[in-house]
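> First the structure, which I've put down as structure tokens, then a few questions once you've had a look.
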Amino acid sequence: MSTQDAHTAAFLEHRNLLFTVAYEMLGSAADAEDVLQETWMRWTGVDLDTVRDQRSYLVQITTRQALGRLRTLGRRKESYVGPWLPEPLLTTPDVADDVELAESVSTAMLLVLETLTPTERAVFVLREVFDVAYEEIAVAVDKSPAAVRQIAHRARSHVAARRPRGTASSAETRDVLASFQRAVETGDLQGLLDVLAPDVVLMGDGGGVKQAVPRPIVGADRVARLLIGGPARTDGVLAYEPAQVNGFPALIIRLDGELDTVITVRSDGGVITGLYGVRNPAKLSFMERETALRR
């Protein structure tokens with residue numbers, strides 16, 4: 001095998017893992033793809049005879065590139081119009097089978113990760129999701145192993161205080177979404193109220209390109225009336241399609257056959273506690289084909 005073929009084979013073997021690392025650090029599939037391109041460029045210049053563990057080495061390169069991109073992304077978010085939500089992914093069915101992986105890429109968890117510093121996020125993702133050794137993380141983030149352990153402890157405590165109260169199974173989420181879909185499609189206000197938690201939060205991301213709620217809407221009555229009234233004022237035909245997004249059941253809304261909105265939810269105890277609607281077209285490009293994620 002030629003040197004170029006050896007580089008290519010190793011990169012392709014771990015590509016889905018590297019994409020997952022970058023996506024969990026960034027919450028943006030487009031930026032994760034850019035990070036993979038940068039990782040590939042650096043990987044092709046590495047002498048493979050000096051690499052003991054190719055998987056570990058590639059994860060380290062990806063982490064460094066994602067950290068740089070994360071800081072740039074942070075500046076972009078400062079000028080973003082309206083709430084910023086993670087970019088939804090149409091995921092392969094096997095992602096839901098790995099409960100820990102599915103939870104780690106859920107919209108609710110990615111929003112929690114947004115509250116960490118870039119280094120905290122990198123350390124948390126590598127340690128808690130991918131079980132990378134502290135010594136390897138230290139190389140990736142340019143810290144001592146002792147410092148990485150402290151950062152990991154701080155990040156775990158931070159996430160534990162903010163993560164969703166409970167993680168509903170895919171089956172439970174699917175049932176809740178089915179009830180939600182029926183109520184919205186039929187304009188059943190009471191049916192919608194029955195499936196929403198009293199303190200439900202609705203967030204919308206239009207990026208200043210598509211109309212969306214400019215700030216989070218809190219409370220079942222306010223959210224329900226907005227969701228019932230919105231479709232009634234829409235010109236065109238709306239269609240709701242169940243889908244598997246970020247490892248969990250979700251809804252795709254099409255307007256006159258064209259992809260318009262992706263809705264993901266957080267549910268607990270048989271009711272929806274969080275609704276997240278992404279309408280920004282720039283964030284919907286990964287909804288046209290399934291994406292494989294790996295740990």
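The values are calculated or read from the model by the stated rules, or taken from the named source; none is laboratory data. All of these numbers come straight from a predicted model, not from anything done at the bench. In this analysis, Cβ positions are derived from the backbone assuming ideal geometry, glycine residues included, and neighbour counts consider all displayed protein chains. In case anyone asks, the SASA skips ligands and DNA or RNA and just uses the protein heavy atoms, side chains included. Shrake-Rupley method; radii C 1.70, N 1.55, O 1.52, S 1.80 Å.
> Determine the per residue accessible area of the chain with all protein chains present and a 1.4 angstrom probe, expressed in square angstrom. Don't jump to the answer; show the numbers that get you there.
Working: 13660 Å² over 295 residues.
Per residue, the chain has 46 Å² of solvent-accessible surface.
> While we're looking at this one, here's another question. Net charge near R149, counting Lys/Arg +1 and Asp/Glu -1 over other residues with Cβ under 14 Å of its Cβ?
Details: positive: R127, K143, R154, R156; negative: E120, E128, E135, E136.
Value of the local net charge: 0.
> At q = 0.20, 0.21, 0.26 Å⁻¹, work out log10 I(q)/I(0) for the stretch 109-200 with the Debye formula, treating every Cα as an identical point scatterer and leaving solvent out; two decimals please.
Cα-only, vacuum Debye calculation for the stretch 109-200: -0.90, -0.95, -1.23.
> On to the next question. Considering the dipole of the stretch 139-295 built from charges on the beta carbon (Lys and Arg +1, Asp and Glu -1) around the Cα centre, which of G206, H158, Q244 is farthest to its positive end?
Comparing the listed Cα positions along the dipole, H158 ranks first.
> Then there's this: Using the Kirkwood radius built from alpha carbon pairs, what does the Stokes-Einstein equation give as D for the stretch 1-92 at 10 °C and 1.306 mPa s, in µm² per second? Intermediate values should be presented prior to the final figure.
Working: Rh = 14.1 Å.
For the chosen part, D equals 113 µm²/s.
> Report, in debye and to the nearest 20, how large the dipole of the chain comes out about its Cα centre when Lys and Arg carry +1 and Asp and Glu carry -1 on their Cβ.
On the way: 33 positive and 40 negative charges, 213 e Å.
For this selection, approximately 1020 debye.
> Shifting gears a bit: Would you work out what percent of the accessible area of the stretch 182-230, with all protein chains in place, is carbon or sulfur (probe 1.4 Å)?
On the way: 1410 of 2570 Å².
Ligands and nucleic acids excluded, carbon and sulfur give 55 percent.
> Can you give me the Cα centroid spacing of the stretch 71-116 and the stretch 167-206 in angstrom?
Computed from Cα coordinates, the inter-centre distance equals 20 Å.
> Here's something else I'd like to know. Compute log10 of I(q)/I(0) for the chain with the Debye formula, placing one identical point scatterer on every Cα and leaving out solvent, at q = 0.10, 0.12, 0.14 Å⁻¹, to two decimals.
Cα-only, vacuum Debye calculation for the chain: -0.56, -0.79, -1.03.
> Debye sum, Cα scatterers, the stretch 38-117, no solvent: what log₁₀ I/I(0) at q = 0.11, 0.14, 0.25 1/Å?
-0.46, -0.71, -1.17
> In Å and on Cα atoms, what radius of gyration and Dmax does the stretch 160-295 show?
14.5, 44
> For a protection proxy built on the mean count of beta-carbon atoms within 10 angstrom, sort 233-241, 130-138, 153-161, 109-117 highest first, please.
Numbers: 233-241: 11.1, 130-138: 17.3, 153-161: 14.0, 109-117: 19.0.
Descending mean neighbour count gives 109-117, 130-138, 153-161, 233-241.
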